[in-house]
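Notes to accompany the following structure.
Please treat every number below as a calculation from the coordinates, not as lab data. Keep in mind the model is a prediction, meaning the values are calculated, not measured. Cβ placement follows ideal geometry from the backbone for every residue including glycine, while neighbour counts extend to all protein chains displayed.
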Amino acid sequence: MTRVAIVTGGTRGIGRAITTAFLRDGVNVAAVYASDRASASALERESAASAGELLTLQADAGDAADIARIVDKTVARWGRVDYLINNAAISLFAFLDEMTEDFLDEMIRVNFKGPVLLTQAVLPHMKRQRFGRVVNASSISGHYADVGQVAYGGTKAAIEMMTKLAAAELGPYGITVNAYAPGIIATDMTRQMIEERGDVQVRQIPMGSFGEPDDVAGLVIFLCSDAGKYITGEIIGVDGGMLRAQNPFRAIDRAST
Ligand SMILES: NC(=O)c1ccc[n+]([C@@H]2O[C@H](COP(=O)([O-])OP(=O)(O)OC[C@H]3O[C@@H](n4cnc5c(N)ncnc54)[C@H](OP(=O)(O)O)[C@@H]3O)[C@@H](O)[C@H]2O)c1
């Protein structure tokens, strides 16, 4: 039987690495994107010879009607949904007194409401199968307070709570629910920050470098594999050890001499 995945934000950044890893393993993937058709087309070209089939879908992963369409199209094409990767999110920085109501609504809609609705939408299929893997995207900012991230950090904290609660509700159906919590992974989302403050930020990371999208994809593939079948309700950091201890640069400097 060929497994089927939905990956939101699946044509760029971390989501693209997850899509590519699934396709390499022979998994059929519906990769959802918001508007960047050029990245979706590039992925289609590069994946033409992959073991799994790729369907790119333009859709708003925070919109209920689009979410229904994502699941309908996936099931119409391949008949099932085994893996849901709620990866898409927006990350915008704003201090509390700069934040508008629209800003807050949009962040909650895309980063929290969308993953919850999409999880609901795949449930009838996963329950019927008595099998499913849901993997959500949190962030290090979901559990370590990050100044200027009330909205983003708040939505990621909410995703972490949803992950634990959904794991408890869905375990009896053979469905696991986990989350990855990246530190700083080199993607479009972090490009400006890395350019402006990368030399300072990297000194907070014991592994001594920013992460690559493939570092997250490896975890997702593991969680979806048979080896991950007894892991659920976990928030797993992919962050090079960031924020586990104060002053990691002391060890970084020592190792570099
Ligand atoms: N990069 C990091 O260091 C980092 C750190 C912590 C957490 N994370 C989390 O990891 C996930 C992926 O991050 P990333 O760095 O790969 O992000 P990214 O490079 O900004 O890519 C985001 C992807 O999400 C899609 N997307 C955004 N809003 C959408 C919507 N409403 N509907 C459908 N698709 C939507 C985008 O579509 P288009 O291509 O059409 O624009 C794009 O494919 C996010 O949840 C992020 O919060 C990342």
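Over the Cα atoms of the range 4-255, the radius of gyration divided by the Kirkwood radius equals 0.96; this is the Rg/Rh ratio. Working note: Cα atoms of the range 1-111, range along each principal axis, descending, whole Å: 52, 25, 19.
Computed from Cα atoms, the angle from the helix 37-46 axis to the main principal axis of the chain rounds to 70 degrees.
Indicate the gyration tensor shape class of the range 92-153 (rounded, prolate or oblate), computed on the Cα atoms with a ≥ b ≥ c the square roots of the eigenvalues: a/c under 1.5 is rounded; otherwise a/b larger than b/c is prolate and the rest oblate.
oblate
What's the magnitude of the charge dipole for the range 4-255 around its Cα centre, counting Lys and Arg as +1 and Asp and Glu as -1 at the beta-carbon? Answer in Debye, nearest 20. It would help to have the intermediate numbers written out before the result.
On the way: 24 positive and 30 negative charges, 187 e Å.
Once rounded to the nearest 20, the dipole reads 900 debye.
Shape class of the range 31-70 from the alpha-carbon gyration tensor: oblate, with a/c at 1.5 or above and b/c at least as large as a/b. The Cα center of the range 123-157 and the Cα center of the range 1-76 differ in position by 19 Å. Between helix 188-201 and the chain there is an angle of about 20 degrees, using the helix long axis and the longest principal axis of the Cα atoms.
Determine the shape class of the range 129-257: with a ≥ b ≥ c the square roots of the Cα gyration tensor eigenvalues, call it rounded for a/c under 1.5, and otherwise prolate if a/b is greater than b/c, oblate otherwise.
Prolate shape, in that a/c is at least 1.5 and a/b is the bigger ratio.
Here the Karplus curve 6.51 cos²θ - 1.76 cosθ + 1.60, taken at θ = phi - 60°, turns the phi angles of the range 12-21 into couplings of 9, x, 4, x, 5, 5, 5, 4, 4, 5 Hz, with x standing for Gly and Pro.
Do you know the relative contact order of the range 105-218, to the nearest whole percent, from alpha carbon pairs under 8 angstrom that are 6+ apart? The partial results should precede the final answer.
Values: 123 pairs, mean separation 29.3, N = 114.
RCO, the range 105-218: 26 percent.
On a 0 to 90° scale, report how tilted helix 213-224 is relative to the longest principal axis of the chain, with both axes built from alpha carbons and the result rounded to the nearest 10. It is inclined by approximately 50 degrees. Cross-link partners of residue 73 among lysines, defined as those whose alpha carbon lies under 22 angstrom from its own and excluding same-chain residues fewer than eight positions apart: 113, 127. Can you compute log10 of I(q)/I(0) for the range 1-59 with the Debye formula, treating each Cα as one identical point scatterer, at q = 0.16 Å⁻¹? Taking Cα atoms of the range 1-59 as identical point scatterers yields -0.37.
Computed over neighbours whose Cβ is under 14 Å from that of residue 3, the net charge equals +1, Lys and Arg +1, Asp and Glu -1.
Peptide packing: for 93-103, 6-16, 242-252, the average count of neighbouring Cβ atoms within 10 Å per residue gives the ranking 6-16, 242-252, 93-103, highest mean first. Using a cutoff of 8 angstrom between alpha carbon atoms and counting only pairs six or more residues apart, the relative contact order for the range 26-173 works out to 23 percent.
A dipole drawn for the chain from +1 and -1 charges on Cβ atoms has a positive end, and of 235, 34, 151 the residue lying farthest that way is 235.
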